[in-house]
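The values are calculated or read from the model by the stated rules, or taken from the named source; none is laboratory data. Note that the coordinates shown come from a computational prediction; the quantities given were computed from them, not determined experimentally. For neighbour counting, all protein chains shown are included, and Cβ atoms are generated from backbone atoms with ideal geometry for every residue, glycine included.
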Amino acid sequence: MISTDLARELRAAGLVWHPRSGDRFQLDEPEFEADVFTVSDMTIESRTYPTGSILAFNGTTEWALDSVAQEDALWLPSEEQLRGLLRGTFRALRRLPDAFAVDVEIGGQPASFEHPEPSDAYALALLALLRRVAQ
């Protein structure tokens with residue numbers, strides 16, 4: 001799972017989340033920082049209304065939460081989702097002695113992003129891609 005800080009950076013860089021069953025997220029509030037939730041058709045489902053999307057907590061033990069606005073949730077994309085978002089830019093994931101490296105090609109230029117956690121290495125590569133697209 002990627003770090004909360006990288007998830008925030010990805011959102012700020014323009015990553016859009018369309019919640020699906022199995023997606024993990026945190027509520028973007030300090031008191032919920034340690035809690036990770038999972039979208040599930042049975043317990044936490046995404047509902048879209050003309051006024052916006054919410055994540056509805058359906059009779060779960062998630063305290064007294066009924067629902068939260070999607071913009072108040074911070075998506076924690078999985079390693080597989082991050083790799084998929086890199087699409088054709090992805091070249092390889094390599095194991096280094098103390099880290100993982102994700103190799104991509106952005107704008108015709110090879111680039112490598114290293115981190116001890118493979119999901120964070122993918123997130124760093126996606127962040128670079130999103131920033132490049134925004135230019």
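In the stretch 17-24 there is no residue that is modelled with pLDDT under 75 and either surrounded by 12 or more Cβ atoms within 10 Å (Cβ to Cβ) or in a loop (DSSP other than H, G, I, E, B) (or both).
Here the strands (runs of 3 or more DSSP E) wholly within the stretch 30-135 that include at least 3 residues being modelled with pLDDT of 85 or more are 73-75, 90-95, 100-106, 109-115. Scanning the stretch 1-16 for residues that are among the small types (Gly, Ala, Ser) and not in a helix (DSSP H, G or I) yields SER3, ALA13, GLY14.
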